[in-house]
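The values are calculated or read from the model by the stated rules, or taken from the named source; none is laboratory data. These numbers come from a predicted model, not from an experiment. So basically every Cβ, Gly included, is an ideal-geometry build from the backbone, and we count neighbours across all protein chains shown.
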Amino acid sequence: MNARLINLDEWIPSGGGIFSEIYFHRSNPARMIKFMAGNTTENDLLREVSNSQYAYRIGLPTPAPGELVTDGKRLGLMFERIVGKVSYARAIGEHPEEIGSLAEEFAGIVRILHSTPCDTSAVPNVKQIYEASIRRNVFRSKEVIKRALDFLYSLPDVATCLHGDLHFGNMIKAEGKTYLIDLVNLCYGPPLIDFGMIPNLLTFSKVAPEKFIEDYHCTPEQAAGFWLAFLKAYFGEDIDLALKQKEIQPYVAVRAIASGGEAGFYVPSSDVDEIFGS
């Protein structure tokens, strides 16, 4: 895929997230570039190019992707800039009194996503993504890996669109509209797979609360309140929260193992091993 060379002097750095660096155009406020950062790779960016184009084409609410560009050293993806945007993570921190309505908005977009069938030739099966990651995790016993894979492959093959990294930092809002962003892991599969990430982040918030606030702009308590409000908004006010979270827990654990890294990335070993065996 060819990338157009740009003059980076025409762009203003504007921060970014854990895995990306963002630049805004100096004279055109409707343009931005996302460069990959951290441990992300060129393949990650190319996958986001393909996934973002597909998501936009089928009508999912996401900023319009543009062309692939380079500053001569690294690749970047140009996007429509959503002027005045704020992530749901930051909105939770800045307006905790609105957590209920924010959860309703967030759940509304997730329901749209989860009611959208995916072309299985355009995006991967979540099982393929998770299996590769689970097998690379050297921090779990062979028995835990086996049981996690057994659980993963016991799930039905459903051609439902999934975000693949669904959390309050990967959805933004501006001028009454809400957008899904960071679609590098767009895939298809059973919707409950998408419910594994936020509980992992909540566990991380207990392990490293200051880092959590730095990364997600809200407190662990605010994030936990949002999670419970989101569950009610998505499944209905009359759900039994304890039972629903118990149902979701294996998806949380398999996400933790797939994330890899020390102690399963966010979820401590004891929590995962209790589900999939020590």
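Only one residue in 239, 198, 257 is surrounded by fewer than 20 Cβ atoms within 10 Å (Cβ to Cβ) and of a type in the set (Val, Ile, Thr), so which one is that?
Values: 198 fails: surrounded by fewer than 20 Cβ atoms within 10 Å (Cβ to Cβ); 257 fails: surrounded by fewer than 20 Cβ atoms within 10 Å (Cβ to Cβ).
Matching residue, one of 239, 198, 257: 239.
Listed here are the residues, each with its yes/no results for (1) closer than 23 Å to residue 223 by Cβ; (2) touching a helix residue (DSSP H, G or I) at 6+ places or on another chain (Cβ under 6 Å); (3) in a loop (DSSP other than H, G, I, E, B).
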| site | (1), (2), (3) |
| --- | --- |
| 91 | yes, yes, no |
| 97 | yes, no, no |
| 122 | no, yes, yes |
| 128 | no, no, no |
| 138 | no, no, yes |
| 169 | yes, yes, yes |
| 185 | yes, no, yes |
| 193 | yes, yes, no |
>> Please go through the stretch 69-89 and give me each residue that is of a type outside the set (Phe, Trp, Tyr) and in contact with a helix residue (DSSP H, G or I) (Cβ under 6 Å, 6 or more places away or on another chain), ordered by number.
In response: 71, 75, 77, 89
> Looking only at the stretch 204-244, which residues are polar (S, T, N, Q) and at pLDDT 95 or above?
Replying inline: 219, 222
> Among the residues of the stretch 171-183, which ones are closer than 23 Å to residue 256 by Cβ and assigned to a strand (DSSP E or B)?
Replying inline: 171, 180
> Restricting to the stretch 8-38, what's the tally of residues that are in contact (Cβ under 8 Å) with a residue 12 or more places away in the chain, out of contact with any Lys or Arg (no Cβ under 6 Å at 6 or more places or on another chain), of a type outside the set (Val, Ile, Thr) and outside any strand (DSSP E or B)?
Replying inline: 8
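Here is a yes/no grid of residues against (1) surrounded by 21 or more Cβ atoms within 10 Å (Cβ to Cβ); (2) touching a Ser or Thr at 6+ places or on another chain (Cβ under 6 Å); (3) at pLDDT 95 or above; (4) in the same structural domain as residue 178 (by TED's automatic domain parsing):
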{"position": "15", "(1), (2), (3), (4)": "no, no, no, no"}
{"position": "37", "(1), (2), (3), (4)": "no, yes, no, no"}
{"position": "46", "(1), (2), (3), (4)": "no, no, no, no"}
{"position": "57", "(1), (2), (3), (4)": "no, no, yes, no"}
{"position": "70", "(1), (2), (3), (4)": "no, no, no, no"}
{"position": "108", "(1), (2), (3), (4)": "no, no, yes, yes"}
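Report the residue count in the stretch 204-229 for those that are farther than 13 Å from residue 99 by Cβ and in a helix (DSSP H, G or I). Before you say what the answer is, go through the steps one by one.
To start, the set of residues in the stretch 204-229 that are farther than 13 Å from residue 99 by Cβ comprises 204-217, 220.
Of the ones still in play, those that are also in a helix (DSSP H, G or I) are 204-207, 209-216, 220.
The total comes to 13.
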